[in-house]
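Notes for the one structure printed next.
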Amino acid sequence: MKHNQHIRINHVLMTACGSLFVVLLLILSYYNRFAVDDYYHIHVVTQKGITAAALDGYYNYGGRWTSYFLWGLVYYFYNVPLFTALYSFLVFLLFALAVWLLLRNIFRTTGLSSSYTYLPVYSVLLTAAFFFACESKGEIWFWVVSTTMYLNSLTAFIFVLSLLLSSRGNIGVYLLLAGFGIFAGGAAETYAVVFLGGLTLLLILKFSVKSEIFKRISTGKLITVIVFIAAAFCISVFASGNSVRAGWLPERSFTGTFLTTLVSLKDLVFHKLIYAIPYILLFSFPWLAAGQLLSTGNIKMSLRKFILRFIISGTVLWVVSYMIMFPTCYLLSEVCPDRAISVVILLIVIFAATWSFLVGYYRNISLNTERYAQKIVLILMAGFLIYAIISQYNRVSDYGIAVDQRMEYLRHTHFQDKNHIEYLQPLPPSGFLYSAEISADTGNYKNVQLRMGAFIEYALAVKAH
């Protein structure tokens, strides 16, 4: 009786935490605004249309053709009220949906549970862990041009994995695999390389490892999605815009990239990860309860063996992270920008959640200790989310209103003198959002792009503080 009551209380608390996170996302999405490169693409899409703008990018900027079409759709409706907010929230919604479907199929495939009704809540909390683990939340989650290339590509790949683990194999599933595969393969070259590498490894394991999990993955589905991702990737690679873009970047060095990637990994571990550890631990803890709930209590593992497996898997995690970051460092000839390491951050979050689950599943801590700790952690989580909602609302509401006022002013202010310089009031802090602030230098690319997005001829600069 007490056990069932404990489970109900935990699920109420987890549902409350998940709901608070959704409220936070709704607030952030509502006040999200276009920034930097968005303004340039708004100008191009408005002048040329979605298809012509995508082709212009393909021939003159780079090969990320599927993301060009997606952001073209968003920029085409840039003047429609709340369209940006709708897109921003859909980014989260689709990611959480993809995670839920993948978790459901993983649980079914491994035989842990075929009808675990609380997976939607866990999916939201895993999304929350990923969100708070990202140091540059605005760049990764809210900057439209970034989300279409990286985060949405990652979401499409998670959908692919869930479809591969699904027992269904009808024509609809193959069409979805093709669609998600094409988008993931053409949105960001470096991520496409990672996805192709992961799926190829999965294909090898299917035929070399005797495991029921690998046997359940359809060879036809696996080969189909590899073909479509590879085809979309090839279209990206052969884009004439790649050579144009390469001319803007430093000369590439394959040997030098080994050191650059090592620097990127060091920066991730000693700067970004240290910042993210408290959030990762906080939002991964509920998975310990999931492990205890699904455990039969008959499966045990010695502490020595448990720690050894943790160390081995942790070593594999860092090696894989290095391999994932290498293509981006080579392509850019510099350390990875935050938006390009979202897949690595997600892997770290999954790693923490998995081991939290295993601690509960193998009952490596007492049930009573876990029960009290679970309630304390969930209450702390709820308190943190309430604080985040209040503090972020105060910041992003001021920021969103200020951006709207700036754009409204630019729309109704006209100067005949093209040499005129209009000095704008600085924007307030943007909180978790990606700031649309420009520079005091009229020649800065941010200033130029804002001028293009506002469709004005005169120069812009922000007033010095």
Over 29 Å between alpha carbons, listed pairs Lys210/Lys305; Lys215/Lys305; Lys48/Lys272:
Lys48/Lys272
Once both label points are put 7 Å beyond Cα along the C-beta direction, the Thr117-Ile171 separation in nm becomes 3.7 nm
Entries in Lys206/Lys266; Lys137/Lys418; Lys137/Lys266 that, when Cα-Cα distance is taken, lie over 28 Å
Lys206/Lys266; Lys137/Lys418
If you bin every alpha carbon distance in the range 405-462 into 10 Å steps from zero, what whole percent lands in each bin?
23, 58, 17, 2
Grab the beta carbon distance between Leu201 and Glu457, set R0 = 45 Å, and tell me the FRET efficiency rounded to 0.05.
0.25
Multiply the residue gap between Val12 and Leu94 by 0.36 nm, knock off their C-alpha separation, and tell me the result in nm, one decimal place.
27.1 nm
With the charge dipole of the range 2-396 built from beta-carbon charges (+1 for Lys and Arg, -1 for Asp and Glu) about the Cα centre, the Cα from Ala54, Cys134, Leu358 projecting farthest to the positive end belongs to Leu358
Nothing charged except the Cβ atoms of Lys and Arg (+1) and of Asp and Glu (-1): what's the magnitude of the dipole of the range 2-396 about its Cα centre? Round to the nearest 20 debye.
1500 debye
Normalised contact order of the chain, rounded percent, pairs of Cα under 8 Å and 6 or more residues apart:
23 percent
Among the lysines, which fall within straight-line cross-link reach of Lys375, defined as a Cα-Cα distance under 20 Å, with same-chain neighbours fewer than 8 residues apart omitted?
Lys2
So the label point goes 7 Å from the Cα of Ile235 along Cα→C-beta, right? Which residues of the range 70-100 then have their backbone N under 18 Å from it?
70-74
Would you grab the residues whose amide H sits under 5 Å from the one on Glu422? Only those 5+ places off in sequence or on another chain, please, with H modelled 1.01 Å from N.
Ala459, Leu460, Ala461
Just going by the charge dipole of the chain, with Lys and Arg at +1 and Asp and Glu at -1 on Cβ, which of Ala382, Thr328, Val316 is farthest out on the positive end?
Val316
Packing-wise, with mean Cβ within 10 Å as the measure, how do 163-174, 351-362, 35-46 rank, highest first?
35-46, 351-362, 163-174
Semi-axes of the equivalent ellipsoid of the chain: what are they in whole Å, largest first, if each equals the square root of 5 times a C-alpha gyration tensor eigenvalue?
40, 28, 20
Taking the dipole of the chain about the Cα centre (Lys, Arg +1; Asp, Glu -1; charges at Cβ), the one of Leu102, Val23, Leu175 that reaches farthest to the positive side is Leu102
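We did not get these values from a lab; they are worked out from the coordinates using the rules stated. It should be emphasised that the depicted structure is a prediction, and the values quoted were computed from it without experimental measurement. Quick reminder, even Gly has a Cβ in these numbers, built from the backbone with ideal geometry, and neighbours come from all protein chains shown.
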